[in-house]
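A short worksheet on the structure shown next.
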Amino acid sequence: MNNTPREGGPRGLSRRGFMLGAGSLAGAGMLGGAFGTSPTWAAAAPSSIGNGAQVPVLVIGTGYGGSVAALRLAQAGINVHMVEMGQDWATATPGSDGKIHPKITSPDHRAFWMRTRTKQPLKNFLGFPLDKDIPKYAGILDAEDFAGISVYQGRGVGGGSLVNGGMAVTPKRQNFGSILPSVSAEEMYATYYPRANAALGVGSIDPDWFERTSYYQYSRVGRKQAQRSGFAWTFVPDVYDWNYMVAEDNGTVPKSALAQEVIYGNNYGKKTLPKTYLAQAAATGKVAISSLHRATSVRPAAAGGYDVVLEQINTAGDVVATKTVNAGKVFFAAGSVGTSKLLVKLKATGALPALNSEVGQGWGDNGNVMCGRANHMWDPTGDVQSTIPCSGIDNWDAGGAFAEVAPLPTGIETYASLYLSITNTTRRASFSYNAGSGGVDLSWQTAWKQDSIAMAKTIFDKINQKEGTIYRTDFFGNNKQWGDHLTYHPLGGAVINKATDNYGRLHGYNGLYVIDGALIPGNTSVNPFVTITALAERNIERIIATDL
Ligand code: FAE
């Protein structure tokens, strides 16, 4: 058996090498209990920055990188203003179900960012198309379409933490050299990964409860089949409050993970950034956030610092005000795609001409590819399923794939196993400015996913052969076996030590920084947000010490 998460030595190092990091359990315990309902950032410091305002530091985006920067700068005594194009969901209007966030099975206007039709990750189910028309709204999940790929991203105060599955995975140290070659593994594993895990509140499922609860039958089936084919199977840590989930199962608290809530937001239970980094940032009294504010330009100001142009929008996407503010320093934390698009456009249009030619390069999809398998009738995966994945199949070394055993929480028995694989693809795309459309294009080609499919097949062809089963063809449209149309894990576009120095300082300009997933060159070998957070912790510590 290889199913215990905390065995294998000190600091929570699991047998398979995925780390919780020192202090993570203490961190989770310290924060535990606060996550069920929604005490959040918002009560503290909602704001709307004024036209002509002057701020010492402006942070563009409120995801992982931006939240780390804001907290640590504030703790160093510096006033920070954050701008976020999405809503502050803590103050958003509930839907007809009385909740802020809809279930995964019933997406409505709250679910999607400025679309008139849903674009669900699974297109079909049992032959029926799933998508439907919705009113255009500042919803929580953006399915941003480029020519060869749809990139899913969170929108709102808290960025991707609002929509993601919370899988909080520290890469195996042996892989770190290929993930971030210019960064010291020793420092990251001794200091910054533990710091990130603690502040994020990372924890692990109770293995006894895992064996008991009907909500993880799908995961137990995943384990049985992986192990029967000789693959390593491992628990995966998460930022969902596991005690809260057990209480959900016991019926003593309102359900979230156990009530089909995840990619369109969790109403309870998940330790999103507004409950961790941003709550701490608010407590300093030095951080304000203007939500529904989109940064569109940054250029050097004659009087010093940078002039930043902001469009304030309403929830229908109309621009209601355009503001120019001056910032001494600007942190780009708009996510891999958001930061890359801004920088590429600002270089091409002459606002920041001295950015180097690495800007827009080195973008990857973390090798994401999805598939489903059809199980036999004697292997049901459960009519109730927790939306929070808690396990993965590790064939990275032999086949280049790490597959999370994903939920399919439809509310009925499907006999399906669903997987999201992260693969070791070397394909990298670049962003370029399109003068005709005024937008930014991405050179990714759908055909490149064939590399990832081949790596994922090293796991699932073998399992199918062993079990006598087949791939499902009713999820991704047109009898497709593979979900090769999307990524949840955009990385790169302003790669560290290339577009920036080795701490995220953009070449060509003093006082401009990148501090998000754009720094990471395309792949983290596992789910990325712990690495994004840890790298931001490393970089901001240096920047505070030397630049401020
Ligand atoms: P991110 O969190 O995307 O934050 C960027 C923020 O900037 C967003 O709030 C944007 O709205 C905002 N923004 C963008 N442009 C502008 C602008 N011009 N002006 C103002 N604001 C702007 O960036 N990762 C894991 O490790 N584990 C998981 O289980 C996992 N599950 C996922 C599930 C889904 C459905 C999705 C979509 C992602 C998942 N991820 C997961 C990926 C993870 O959420 C992502 O890597 C991080 O959120 C990226 O962090 P950043 O700080 O780079």
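Skipping prolines and chain starts, which residues have an amide H placed within reach, meaning under 5 Å, of the one on V298, given they are 5 or more residues away or on another chain?
It is V309, by chain and number.
Do you know the relative contact order of segment 221-316, to the nearest whole percent, from alpha carbon pairs under 8 angstrom that are 6+ apart?
Relative contact order, segment 221-316: 15 percent.
When the Cα centres of segment 404-436 and segment 455-499 are compared, how far apart do they sit, in Å?
That distance is 6 Å.
Percent of Cα-Cα pairs per 20 Å bin, from 0 to the last occupied bin, for the chain, please list those.
For the chain, the binned pair fractions read 23, 60, 17, 0 percent.
Any idea what the relative contact order of segment 35-194 is, in percent, if you count C-alpha pairs under 8 Å spaced at least 6 apart?
Relative CO of segment 35-194 lands at 18 percent.
Convex hull over the Cα atoms of segment 197-257, averaged projected area in nm²?
With the hull built on Cα positions only, its mean projection is 4.8 nm².
Give, rounded to the nearest 20 debye, the magnitude of the charge dipole that segment 115-230 has about its Cα centre when Lys and Arg contribute +1 at Cβ and Asp and Glu contribute -1 at Cβ.
380
I want the local charge near G364. Using Cβ-Cβ distances under 9 Å, sum +1 for each Lys or Arg and -1 for each Asp or Glu among the other residues.
For residues surrounding G364, the net value is +1.
Only Cα pairs under 8 Å and at least 6 apart count here; give the relative contact order of segment 132-202 as a rounded whole percent.
Over segment 132-202, the number comes to 17 percent.
Residue-wise, which Karplus ³J(HN,Hα) couplings in Hz belong to segment 64-77, taking 6.51 cos²θ - 1.76 cosθ + 1.60, θ = phi - 60°, and x for glycine or proline?
4, x, x, 5, 4, 4, 4, 5, 5, 5, 4, 5, 8, x
Taking amide H positions as placed 1.01 Å from N in the peptide plane, with prolines and chain starts having none, which residues 5 or more places from Q54, or on another chain, fall under 5 Å of its amide H?
For Q54, the qualifying residues are N326.
Computing the accessible area with a 1.4 Å probe over protein heavy atoms, can you report the carbon and sulfur percentage for the chain?
The C+S portion of the solvent-accessible surface of the chain is 51 percent.
Taking K449 as the anchor, which aspartates and glutamates have their alpha carbon closer than 12 Å to its alpha carbon, excluding any fewer than eight residues away along the same chain?
D365, D484
Charges only on Cβ, +1 for Lys and Arg, -1 for Asp and Glu: so what's the dipole of the chain about the Cα centre, in debye to the nearest 20?
About 420 debye.
Segment 500-544 to segment 83-108: how many Å between their Cα centroids?
Comparing the Cα centres of segment 500-544 and segment 83-108, I get a distance of 30 Å.
Among F460, V384, A354, whose Cα projects farthest towards the positive end of the dipole of segment 348-469, with charges put on the beta-carbon of Lys, Arg (+1) and Asp, Glu (-1)?
Positive-most Cα among the choices belongs to A354.
If you take every residue apart from H507 with its C-beta less than 10 Å away from the C-beta of H507, what net charge results, scoring Lys and Arg +1 and Asp and Glu -1?
Local net charge: 0.
Go through segment 306-313 residue by residue and turn each phi into a ³J(HN,Hα) via Karplus (6.51, -1.76, 1.60, θ = phi - 60°); whole Hz please, and just put x for glycine and proline.
10, 8, 10, 9, 10, 9, 8, 10
May I ask you to order 116-124, 424-432, 197-205 by the average number of other C-beta atoms within 10 Å around their residues, highest value first?
Packing proxy ranking, top to bottom: 197-205, 424-432, 116-124.
What does the net charge come to around G201 if you take all other residues with beta carbon closer than 11 Å to its beta carbon, with K and R at +1 and D and E at -1?
Computed value for this residue: +1.
If packing is taken as the mean number of other Cβ atoms within 10 Å per residue, what is the order of 355-362, 465-472, highest first?
Ranking, from highest mean packing down: 355-362, 465-472.
What residues have an amide H closer than 5 Å to that of F112, excluding those fewer than 5 places away on the same chain, when H is modeled at 1.01 Å from N in the peptide plane?
Under 5 Å from the amide H of F112: G139, I140, L141.
So what are the ³J(HN,Hα) numbers for segment 124-130, from phi and the Karplus equation (6.51, -1.76, 1.60; θ = phi - 60°), rounded to whole Hz, Gly and Pro as x?
The phi angles translate into 9, 8, 6, x, 9, x, 9 Hz.
Between Y509 and E186, what is the FRET efficiency for a Förster distance of 30 Å, r being their Cβ-Cβ separation, to the nearest 0.05?
Working from the Cβ atoms, E equals 0.50.
Just how large is the dipole of segment 200-323 about the Cα centre, in debye to the nearest 20, putting +1 at every Lys and Arg Cβ and -1 at every Asp and Glu Cβ?
Rounded to the nearest 20 debye, it is 240 debye.
Quick check on my link table: of K103/K270; K103/K123; K275/K341; K172/K457, which ones sit more than 19 Å apart, alpha carbon to alpha carbon?
Violating the 19 Å Cα-Cα cut-off are K275/K341; K172/K457.
What does the helix-only formula give at 222 nm for the chain: each DSSP H stretch with n ≥ 4 adding -39500 (n - 2.57), the total divided by the residues, and the result rounded to the nearest 500 deg cm²/dmol?
The helix-only estimate for the chain comes to -7000 deg cm²/dmol at 222 nm.
State the answer as a single residue: which of I289, Y64, W89 lies farthest towards the positive end of the charge dipole of the chain, with beta carbon charges of +1 for Lys and Arg and -1 for Asp and Glu, about the Cα centre.
Projecting each Cα onto the dipole axis, the largest value belongs to Y64.
The values are calculated or read from the model by the stated rules, or taken from the named source; none is laboratory data. As the structure is a computational prediction, the values presented were derived from the model and not from experiment. Counting neighbours? That spans all protein chains shown, and the Cβs are built from the backbone with ideal geometry, glycine included. Side chains are part of the model used for accessible areas, which takes the heavy atoms of the whole protein and leaves out ligands, DNA and RNA. Shrake-Rupley method; radii C 1.70, N 1.55, O 1.52, S 1.80 Å.
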